[in-house]
Amino acid sequence: MAVGPYTSQTIWIAEADDFVIRQFEDVYFVFCKSAGTTHLLNFLTASIVKNAVDKPGNMKDLYDRVLNDLELDAEDCPSELFESSVVQLDEVGLLKPKEYSNA
Amino acid sequence: MPETLISDLNRADVFSSLKEGQFELILGAFSARLASQSPELVDFLFDVYRDVPANLELQEVTDIALNVRPPNVFRKYLRPQVIPDPGFKVPAVPLPKKMAPLSLEMGMNLSVALKCCRFLTFHAGAVANENGGVLISGASGSGKSTLTTALMQEGYRLFSDEFGLLSLDKAEINPYPRPVSLKGNSISVVRDMVGAEWVSKSIMNTPKGEIAYRRARRSDIEQANVPAPVKLILFPSFAENISPRAKKLTKAETIMRLIESATNYKLLGEAAYKALTDMVVGAEAYDITYGDTEECMQMVRDFAGEAGL
Amino acid sequence: MSSTEDSKTKFRDQRRQLLRLGAAGMPMVLTLGAGASGGPLISQLQCVITLPGSIRILVDDDGAAWVGNGNLKKKKGKYKSKDINNFKDNADFSFPSSSAPSQFRPGSCSGDGDGDGDGDSSSSCYELYSLDAYQLITPGDYVDVNGSWNLGSDAASLYVALSARQADLSPNSSWPGISCIVSILNYLG
Amino acid sequence: MSRYFTRVIAGLEPIPENVTERALLLEFADVNHVFGRLALVAGDMVSEKMQSVLENGVTRAAYDHHMLHNEKERLERAFVGSGIQPILLKGGAYVALGLEAAKGRRVSDLDILVPEQNVKEAEEILLAAGWNFDESAAEEYDQNYYRKHMHELPPFRHSARFTILDVHHRLLPPTSRLNINNKPFFEAAMPLVGSFLKVLSPQDLIIHSAIHAFADGTFETPVRSLIELNLLLNDLNPDEGLALVERIKMIGAEKPCAYAFGLLAKVLDSERADVLLKELGGVPSQTVLDWFVDRLNGNQTRKSTKAMLYLRSHLLRMPLYKLLPHLVVKAFKRIGAKPHPVRLPEIQ
């Protein structure tokens, strides 16, 4: 369930200053300072956040970069899974749309 | 000023101090101000808390304030009962007057669990030797108290059978050596293990069945301000007639489990996250299933050795 | 194939499996320590009371309460005194005044036909609550993160309030769910 | 003792030197939900031990503020682009505005105000964004009850975060005897900097706080309410202060505000409140004002409390059976139902 409206053109960003990330094995614990919440990410969602920190982008852009980083193809990681992962990150406040954050 | 222990005090003085609500108990991580009209509580303090530093007049504000009192003025005359009153709203059941000690212990535990934020608080037993500490995380009935007692017998200091208190600035646990609470069958197991003189007389027919307390040793109390780095984390579970088995846990699994067993993880935010992950980095963790305390201890000894304890 | 490539393949396979699970709906983000109460899961708080049969609770304006399964019908907002007395006489449990918290007590109170002794007098000084047979009540849901009771004004909340009162009056009674409520009242320790 | 402790926590009296009094002060602050406030007032003027005990209150308030920050963000995300700009109320607004009244304050729920004509749409937006009606109010009866009689929708609870959100469309129920003009609140609401959300004007914050404390029925956290009102009032600049009385009259909140000012003058010696009270023509009833003072003093009945205070111990506690009704007062509006998760009635 999306937290709010977004489109394919929405630019997603992640604010690195707001996180404390610690990796254990293939699992990432992320503490979100502003919200005071702890989240567990896997390699996919961790890569999404990392890419959105380095260079915010729209859904398609992030999708391409993440697949490239993880050496995966669209068969391994369908775009629906990618989009639902972005929405989950939005839900917990680790990603947000850029136009919203500028408001 | 040298510390006064409860055993140094006069019984009548302690009782009148309790009546005045002036009795100050100073024990490791937390101090407590106690008030009570119950002579049973005085007996209990002189037995189970005899080596604990205390003052007849309040010297400082305390972490915990507890009034072990009859539930209301009228009930006192109708049917003697006591209720723990930690000075804030908690669900508590009034107990018969003879159960005042249980009421005290429950009230102190509730206060620590719900009120104190200075440490990341795990629902866990904790002990340590000169090389480091062991955290024993488990639900009621997992044998936390029995294992804590068994490790004490092996030369470990008692930190607590109920709370692992992790500092927020470094990966150290802090002692709070209150008496170890024993239920049902574990009472006789522990009496055999440590000698009957170290275990209080049983309180029968409590809402939790038969209860007794294994006293902290003077050496535990004397070192109640000396923290220890955590080296070993155990998640025991007890089941009758089961052969012992253990599984080494990954760091990630350990972190997730510990977050679940912490009473104030969310509350403490970033500090808790850092302290907890730091602690797990420096410790080995095992899930243990056992049906016999000695068999379990054999495994624990091995793990402790590997962890450098 | 070299052993490093072997482990690389295994690693990839594990990741692919995780992605398949994700596509099947497994969450890819997990928020930790977000229990319903905002606090830790305390096992004693998880116990559930299953009501053994349908239960009715009658509350008067002083907060006294009677618990039974008798029938009571309201006419024009009032109960017949005869029915009330009958319910009280057959109640399985009764509670002294001040037992039911104020939000469960009848809002306004009036009686009529009083004193003529024909058994037809009626009163609005009562409120009746009903609980279904086999209804599940989780008293722990009514304890908030600070350890305070947080009751609504529904029948289940009333049942929880009276359970706590019963634990106070008689922790060893046959009140349905008494051990659950006592374990909550004792949790920790 | 309560008046004295309230004044200490309001920063009007020094922290007592006597250890027993200090211990009682800590308990008083805890019971009255102003522990974090006391921590601020005490600062480093007290012993290290007392500071470390008070730190518990700072931690709890910090947690609440984080939670609130998060909820506020989620709310913004939900409403962005909808054209509806909810107005943050109460603690949520104080925290978002960084007001003095927010410091050390605990906040458990988020309260928002939306115009009545937007309520339906707001409800749909919230349901779509993961808020559900709290189980305790999910039944049709309660839904109808809320919609008909209350000034808010049934409480929402977020399905993943379990936080509670109260959506108001007016500041008092239509059935309230007090006839509040709601329109000016909406008209004067101001944008919250860096956000899609709005907040009430500085004067309206005070008026709403007074309405909430004195007209909502219960005066349930008297010490906290009073200290909050005092801080809000102190934040007004002189011009805003002068305009306040006109504003109160326009809104029709003379009564709760008179009691608020009366109490501030009486308990906290607030000169500003005294001036405002005179402008309003005094309190409607001295007896009612005294009753509020009694509540502040924790009196159930005057006699019994006097006796209690003489016990010098912290016997302000109540037995369990009295505690229960007391505790549920706060929950009174959570008109409940069976604790089953119940399907929502369709929303047309």
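The values are calculated or read from the model by the stated rules, or taken from the named source; none is laboratory data. Just so you know, these numbers come straight off a predicted model, no measurement behind them. Cβ sites come from the backbone with ideal geometry, for glycine too, and all protein chains shown count toward neighbours.
Conditions (1) within 22 Å of B:Ala128 (Cα to Cα); (2) out of contact with any Lys or Arg (no Cβ under 7 Å at 6 or more places or on another chain); (3) outside the structural domain of B:Ala283 (by TED's automatic domain parsing); (4) among the polar types (S, T, N, Q), marked per residue:
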residue: B:Lys231; (1), (2), (3), (4): yes, yes, no, no
residue: B:Phe235; (1), (2), (3), (4): yes, no, no, no
residue: B:Asn241; (1), (2), (3), (4): no, yes, no, yes
residue: B:Lys248; (1), (2), (3), (4): yes, yes, no, no
residue: B:Lys266; (1), (2), (3), (4): no, yes, no, no
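Given B:Gly291, B:Gly305, B:Gly269, B:Gly282, which one is at positive phi and either out of contact with any helix residue (DSSP H, G or I) (no Cβ under 9 Å at 6 or more places or on another chain) or at pLDDT 90 or above (or both)? Even if it seems obvious, please write down each step before you answer.
Details: B:Gly291 fails: at positive phi; B:Gly305 fails: at positive phi; B:Gly282 fails: at positive phi.
Result of the check over B:Gly291, B:Gly305, B:Gly269, B:Gly282: B:Gly269.
Residue pairs whose Cβ atoms lie under 6 Å apart, sitting 6 or more positions apart in sequence or on different chains, and linking a residue in segment C:131-146 that is under 25 Å from D:His33 (Cα atoms) and within 9 Å of chain D (Cβ to nearest Cβ) to a partner that is modelled with pLDDT under 75 and assigned to a strand (DSSP E or B), are C:Tyr142/C:Trp149. State whether one or more residues within segment D:74-83 are out of contact with any helix residue (DSSP H, G or I) (no Cβ under 7 Å at 6 or more places or on another chain), touching a residue at least 12 places away in the same chain (Cβ under 8 Å) and buried (at least 23 other Cβ atoms within 10 Å of the Cβ). Among the residues of segment D:74-83, at least one is out of contact with any helix residue (DSSP H, G or I) (no Cβ under 7 Å at 6 or more places or on another chain), touching a residue at least 12 places away in the same chain (Cβ under 8 Å) and buried (at least 23 other Cβ atoms within 10 Å of the Cβ), which makes the answer yes. Set side by side, the residues B:Phe159, B:Phe122 differ, and just one is touching a residue at least 60 places away in the same chain (Cβ under 8 Å), of a type outside the set (Lys, Arg), assigned to a strand (DSSP E or B) and away from chain C (no Cβ under 14 Å), which is B:Phe159. Of all residues in segment C:91-102, which are within 14 Å of another protein chain (Cβ to nearest Cβ), surrounded by 15 or more Cβ atoms within 10 Å (Cβ to Cβ), small (Gly, Ala, Ser) and on the phi < 0 side of the Ramachandran plot? Answer for segment C:91-102, where residues must be within 14 Å of another protein chain (Cβ to nearest Cβ), surrounded by 15 or more Cβ atoms within 10 Å (Cβ to Cβ), small (Gly, Ala, Ser) and on the phi < 0 side of the Ramachandran plot: C:Ser99, C:Ala100, C:Ser102.
Looking at chain A, what helices (runs of 4 or more DSSP H) fall wholly within it and have at least 2 residues that are in contact with a Phe, Trp or Tyr (Cβ under 8 Å, 6 or more places away or on another chain) and away from chain D (no Cβ under 11 Å)?
Output list reads A:43-54, A:59-70, A:79-91.
Output the residues belonging to segment D:44-57 that are more than 8 Å from every other protein chain (Cβ to nearest Cβ) and modelled with pLDDT of 95 or more. Let's see the steps before the verdict.
So in segment D:44-57, the residues more than 8 Å from every other protein chain (Cβ to nearest Cβ) come out as D:44-46, D:48, D:51, D:54, D:57.
Result: D:Val46, D:Glu48, D:Gln51, D:Leu54.
Just checking, which of B:Leu151, B:Leu135 is modelled with pLDDT of 95 or more, assigned by TED's automatic domain parsing to the domain that holds B:Val230 and under 23 Å from B:Tyr265 (Cα atoms)?
B:Leu135
Only one of the numbered conditions (1) modelled with pLDDT of 95 or more; (2) within 29 Å of B:Ala228 (Cα to Cα) is not met by B:Glu3, and that is (1). Looking across segment B:192-228, just one residue is buried (at least 20 other Cβ atoms within 10 Å of the Cβ) and among the aromatic types (Phe, Trp, Tyr), and that is B:Tyr213. Pairs needed: first member in segment B:46-61, under 27 Å from B:Glu197 (Cβ atoms) and away from every other protein chain (no Cβ under 14 Å); second member anywhere, polar (S, T, N, Q) and not in a loop (DSSP other than H, G, I, E, B); C-beta distance under 8 Å; at least 6 residues apart or different chains. From residues that are under 27 Å from B:Glu197 (Cβ atoms) and away from every other protein chain (no Cβ under 14 Å), the pairs are B:Phe46/B:Ser7; B:Arg50/B:Ser7; B:Asp51/B:Ser7.
Evaluated against (1) out of contact with any Pro (no Cβ under 8 Å at 6 or more places or on another chain); (2) surrounded by 19 or more Cβ atoms within 10 Å (Cβ to Cβ), B:Tyr265 falls short on exactly one condition, (1).
Entry remark, segment C:125-136: residues being surrounded by 18 or more Cβ atoms within 10 Å (Cβ to Cβ) and at pLDDT below 80 number 1 in total.
Being within 14 Å of chain D (Cβ to nearest Cβ), in contact with a Ser or Thr (Cβ under 9 Å, 6 or more places away or on another chain), touching a residue at least 12 places away in the same chain (Cβ under 8 Å) and of a type in the set (A, V, I, L, M) is the requirement here; does B:Leu166 meet it? Before the answer, list the steps.
Values: within 14 Å of chain D (Cβ to nearest Cβ): no; in contact with a Ser or Thr (Cβ under 9 Å, 6 or more places away or on another chain): yes; touching a residue at least 12 places away in the same chain (Cβ under 8 Å): yes; of a type in the set (A, V, I, L, M): yes.
Judged against the criteria, B:Leu166 is not a match.
For segment B:18-43, which positions are of a type in the set (Ser, Thr, Tyr) and farther than 17 Å from B:Leu58 by Cα? If you could, list the steps in order and put the result at the bottom.
Step one: of segment B:18-43, the residues of a type in the set (Ser, Thr, Tyr) are B:31, B:36, B:38.
Selection gives B:Ser38 alone.
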